[in-house]
Amino acid sequence: REEQRALFIIFGGTGDLAQRKLYPALFNLYKRGYLKKNFAVIGTARRPWTNDYYRDVIKCSIDGMFDSQAQATDFASHFYYHSHNVNDKQHYEELKALADKLDEKYDLGGNRIYYLAMSPRFFGTISQYLRSEGLVTERGYGRVIIEKPFGRDYQSAKELNDEISRYFDEDSTFRIDHYLGKEMVQNIMALRFDNGIWSALWNKEHIKNIQVTLSEALGVEERGGYYETAGALRDMVQNHILQIVSLLTMDRPKSASEKDIRQAKVETFKALKVYSPEEVYQNFVRGQYGEGEEQVAYREEAMIDPDSMTETFVAGKLEVQNKSMAGVPVYIRTGKRMTAKMTRVDIVFKNEAPLFGGGIEPENVLTINIDPDLGLDLRLNMKKVGQEFATKKTKIGYRLSKEQVAKIPEAYERLILNVLQGNAVNFTHWDELKYSWRFLDAIRNAWDEQELPVDFFPNYACGTMGPQASAELLEKNGDHWIY
Ligand code: NAD
């Protein structure tokens with residue numbers, strides 16, 4: 001475990017993301033020895049906090065994770081607070097002075113990571129001042145980490161990207177999609193490309209369909225204001241779901257290098273069939289949750305328009321027109337207030353007409369359990385034990401043990417380490433974004449043009465797997481949701 005030297009500057013250092021995810025992730029890197037003596041963190045936001053107060057906040061956010069008070073105190077001693085309005089040029093001069101001082105004190109070699117844990121509308125301004133006020137050093141690296149949402153359509157994503165790329169090149173820009181930091185998402189490539197059986201079968205000749213489910217049990221919670229302007233399509237499909245789809249459907253990369261994997265992924269995004277409005281209406285379904293036994297309908301939630309037409313559920317059939325997968329239906333679905341919180345992939349294989357028949361699985365299914373279970377299941381047909389010759393459905397399963405799960409780094413920990421190491425393989429490249437927005441805009445625009453009666457929603461009850469139309473989407477193709 002090589003110690004990494006760097007200064008982190010976290011914009012939005014008092015925010016929810018910083019406290020819930022980033023500080024615990026940095027602490028785990030410290031505990032595992034990737035961060036030791038030579039690192040420092042500047043948290044900046046508008047509130048007038050002192051270093052002491054900030055360090056108490058850091059200790060609170062790693063509560064229950066440290067071995068001793070001394071360890072927590074030592075970790076927190078690397079944190080510095082700078083009260084700062086990102087629109088104020090003068091603040092960057094002070095920030096630079098502090099950064100240079102810490103660089104010397106901790107011997108950081110000029111390496112700097114700028115974490116933009118704030119609203120994207122500030123990204124352009126921050127990037128510009130980081131350059132113009134000389135915060136980006138000549139000596140070490142300067143890498144910028146960006147959170148979602150990256151735009152709300154192709155045009156706004158491009159404008160945002162143009163702003164940032166004026167000051168940071170693509171190799172220094174790390175766009176986070178935390179699903180790419182999940183153990184079983186990272187496992188998809190290993191499974192596909194390092195197993196002869198799956199390499200041989202993972203193609204349009206043998207796969208009947210692919211299903212990706214990313215369901216949430218919670219409702220919109222406190223995010224109503226944002227969610228009203230986003231909806232499930234932008235919030236979940238454009239990023240997490242399409243990233244998982246690309247890993248499942250990409251052609252085999254030439255090598256395991258970052259460049260070749262990225263190339264293969266970009267080609268996959270490019271190969272996503274962009275739908276005409278007619279095709280959108282045929283292939284995409286939207287839903288919004290109504291009330292449940294103890295839950296209110298989406299339209300009754302805080303900060304939500306009582307006539308809101310925002311979708312909290314999406315199901316769709318995609319097609320990736322590449323060598324391996326052209327013609328294979330890829331079904332996706334995601335939503336809030338569904339039966340359970342779960343991320344899983346089902347690969348449904350074609351089956352010949354059964355020779356023996358009886359109570360068998362019509363299709364072999366490989367299930368990749370991503371969350372909250374981590375493992376694989378394979379549905380097979382086998383002979384019933386005993387004298388008589390009869391067949392029966394069988395499921396064989398593999399689960400990561402509790403001990404293994406305990407060793408898995410949290411997504412943010414893994415991704416921040418990737419940034420420290422300069423490895424961008426688990427981040428979203430601009431080209432991937434570009435094509436994903438092109439695909440998404442076609443759906444969004446077709447929906448926006450469609451006049452729906454207000455009582456179209458709600459169309460699914462809390463605690464279900466979405467509207468009836470989601471099941472029908474598969475049935476009309478002779479398919480069905482495995483889960
Ligand atoms: P938040 O509202 O909790 O925090 C925002 C931070 O920005 C605060 O520290 C605030 O002080 C600071 N800030 C606002 N205006 C400022 C200004 N003019 N100058 C200086 N500082 C200013 O938000 P959050 O939930 O932490 O989210 C931050 C970003 O991360 C958002 O873009 C969000 O979409 C994204 N994100 C958050 C989560 C999450 O779990 N919270 C998950 C994924 C993505």
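A short reminder: the numbers here are calculations on the coordinates, not readings from a lab. What you are looking at is a predicted structure, and each value in this text was computed from that prediction instead of being measured. Virtual Cβ from ideal backbone geometry, glycine too; neighbours counted across all protein chains shown.
Taken over the range 304-359, the residue count meeting the criterion of being in a strand (DSSP E or B) and closer than 17 Å to ARG444 by Cα is 10.
For ASN364, the conditions (1) touching a Gly at 6+ places or on another chain (Cβ under 7 Å); (2) more than 29 Å from LEU26 (Cβ to Cβ) are fulfilled apart from (1). Restricted to the range 365-450, the set of helices (runs of 4 or more DSSP H) holding at least 2 residues that are closer than 30 Å to GLY142 by Cβ and among the polar types (S, T, N, Q) comprises 411-421. Pairs please, first residue from the range 88-108 and acidic (Asp, Glu), second anywhere and loosely packed, with under 12 Cβ neighbours inside 10 Å, Cβ atoms under 9 Å, 6+ apart in sequence or on different chains. So the pair list comes out as ASP103/ARG139; ASP107/LYS37. The set of residues in the range 104-118 that are closer than 15 Å to PHE79 by Cβ and assigned to a helix (DSSP H, G or I) comprises LYS105, TYR106.
Among the residues of the range 60-83, those that are touching a Phe, Trp or Tyr at 6+ places or on another chain (Cβ under 8 Å) and either charged (D, E, K, R) or not in a strand (DSSP E or B) (or both) comprise SER61, ILE62, MET65, PHE66, ALA72, PHE75, HIS78. When you go through SER156, SER215, SER199 one by one, which is the residue that is closer than 24 Å to PHE427 by Cα and either surrounded by fewer than 21 Cβ atoms within 10 Å (Cβ to Cβ) or within 16 Å of the ligand (Cβ to nearest atom) (or both)? Testing whether each residue is closer than 24 Å to PHE427 by Cα and either surrounded by fewer than 21 Cβ atoms within 10 Å (Cβ to Cβ) or within 16 Å of the ligand (Cβ to nearest atom) (or both) leaves just SER156.
Looking for something among the acidic types (Asp, Glu), out of contact with any Pro (no Cβ under 6 Å at 6 or more places or on another chain) and closer than 25 Å to GLY181 by Cα - is there at least one such residue anywhere in the range 33-53? No. The residues of the range 63-77 that are surrounded by 21 or more Cβ atoms within 10 Å (Cβ to Cβ) and in contact (Cβ under 8 Å) with a residue 24 or more places away in the chain amount to a single one, PHE75. For the subset of the range 13-46 comprising residues that are buried (at least 22 other Cβ atoms within 10 Å of the Cβ) and assigned to a loop (DSSP other than H, G, I, E, B), which member is nearest to the ligand (Cβ to nearest atom)? By that ranking, first place goes to GLY13.
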